[in-house]
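J.: Let me give you the structure first, and then I'll get to my questions.
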Amino acid sequence: MFLFALISELPFDLAAANRWFYPGYQNVFFEFLIGLAVLWGMEQAQFREKTPLAVEAGKIFAVALGCMAAVLIQSDYDYIGIIIIAAFYEFHYSRAGRSVAAAVLGGLETLDLNYGVGALAAIPIWFYNGKRGKQKFKYVFYWFYPVHLTVLVLIRAGFWGFFRGNIKSLHIRGKSVDCLMMPDAVYSDYVVV
């Protein structure tokens, strides 16, 4: 997964910040790597600790460290992405728990940009049977992310040109994000600097 995080970073930086290298915002594979480390930490707490209180404290500590790491590297979904991963792990055997977590956390994640439409993720998650799917197309989906970003960057370049120097710096959720080269009307809902 680390390899795909590195492969995806160039197309992600071009798509998100219109730069070849942008350390201020990292792609979702880095979030997944942190999430895997959090899940490992949660499992270690479960196996090593003796009392229920110590188990829960260990899990909370793992999630808190993951959230701090996500904020530190400025990952795509920030700390809430780590909380979503941990919540899905905790509610793996509870259809209602998974769906409520998806509705609440997905809604919070998308509240400022898309009016909370992420809460709709609860619908397909409700129908998830809890079983791991077939793995034969695993790498197709891994490759989809950097390839589709590259295609979108090329399409944008065809419409608005490539690196024309009109990058907009937006302040979203306290972060300053350099965004796509698009007409000013696109940015009307945000603070443009």
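J.: Which one of these does TYR139 not meet: (1) under 30 Å from LEU10 (Cβ atoms); (2) without any contact (Cβ under 8 Å) to a residue 40 or more places away in the chain; (3) surrounded by 13 or more Cβ atoms within 10 Å (Cβ to Cβ)?
T.: Among (1) under 30 Å from LEU10 (Cβ atoms); (2) without any contact (Cβ under 8 Å) to a residue 40 or more places away in the chain; (3) surrounded by 13 or more Cβ atoms within 10 Å (Cβ to Cβ), the lone unmet condition for TYR139 is (3).
J.: Let me ask something additional. Just one of the numbered conditions (1) at pLDDT below 95; (2) surrounded by fewer than 16 Cβ atoms within 10 Å (Cβ to Cβ); (3) among the hydrophobic types (A, V, I, L, M, F, W, C); (4) not in a loop (DSSP other than H, G, I, E, B) is not true of LEU14; which one?
T.: For LEU14, the failing item is (2).
J.: Any residue that is among the aliphatic types (A, V, I, L, M), modelled with pLDDT of 90 or more, under 18 Å from the mean Cα position of the chain (by Cα) and outside any loop (DSSP other than H, G, I, E, B) - is there at least one of those in region 165-184?
T.: No, region 165-184 has no match at all.
J.: Which condition number does ALA5 fail, the rest of (1) hydrophobic (A, V, I, L, M, F, W, C); (2) open to solvent by 20 Å² or more (accessible area, probe 1.4 Å); (3) closer than 25 Å to ILE155 by Cβ; (4) in a helix (DSSP H, G or I) being met?
T.: Single failed check for ALA5: (2).
J.: Does VAL38 meet the test of being at pLDDT 90 or above and open to solvent by 60 Å² or more (accessible area, probe 1.4 Å)?
T.: In short, no.
J.: Identify all residues within region 61-89 that are open to solvent by 70 Å² or more (accessible area, probe 1.4 Å), under 22 Å from ILE125 (Cα atoms) and without any contact (Cβ under 8 Å) to a residue 40 or more places away in the chain; write none if there are none.
T.: The answer is TYR79, and nothing else.
J.: Of all residues in region 90-146, count the ones that are part of a helix (DSSP H, G or I), modelled with pLDDT of 90 or more and in contact with a Lys or Arg (Cβ under 9 Å, 6 or more places away or on another chain).
T.: 4
J.: Then there's this: Given the criteria modelled with pLDDT of 95 or more and either in contact with a Gly (Cβ under 9 Å, 6 or more places away or on another chain) or among the small types (Gly, Ala, Ser) (or both), does ALA62 qualify?
T.: Yes, satisfied.
J.: Do we have MET68 as farther than 17 Å from LEU149 by Cα and touching a Lys or Arg at 6+ places or on another chain (Cβ under 7 Å) here?
T.: Spelling it out, it is not the case that MET68 is farther than 17 Å from LEU149 by Cα and touching a Lys or Arg at 6+ places or on another chain (Cβ under 7 Å).
J.: Among all residue pairs at least 6 apart or on different chains, which show Cβ distances below 7 Å where the first residue, located in region 101-118, is surrounded by 17 or more Cβ atoms within 10 Å (Cβ to Cβ) and the second is among the charged types (D, E, K, R) and assigned to a helix (DSSP H, G or I)?
T.: GLY118/GLU109
J.: Is at least one residue of region 46-60 of a type in the set (Lys, Arg), assigned to a helix (DSSP H, G or I) and open to solvent by 70 Å² or more (accessible area, probe 1.4 Å)?
T.: yes
The values are calculated or read from the model by the stated rules, or taken from the named source; none is laboratory data. Because the structure is predicted, anything quoted here is derived from the model rather than measured. Using ideal geometry, Cβ is built from the backbone for each residue, glycine included, and neighbour counts are taken over all protein chains shown. Accessible surface areas use protein heavy atoms only, side chains included; no ligands, DNA or RNA. Shrake-Rupley method; radii C 1.70, N 1.55, O 1.52, S 1.80 Å.
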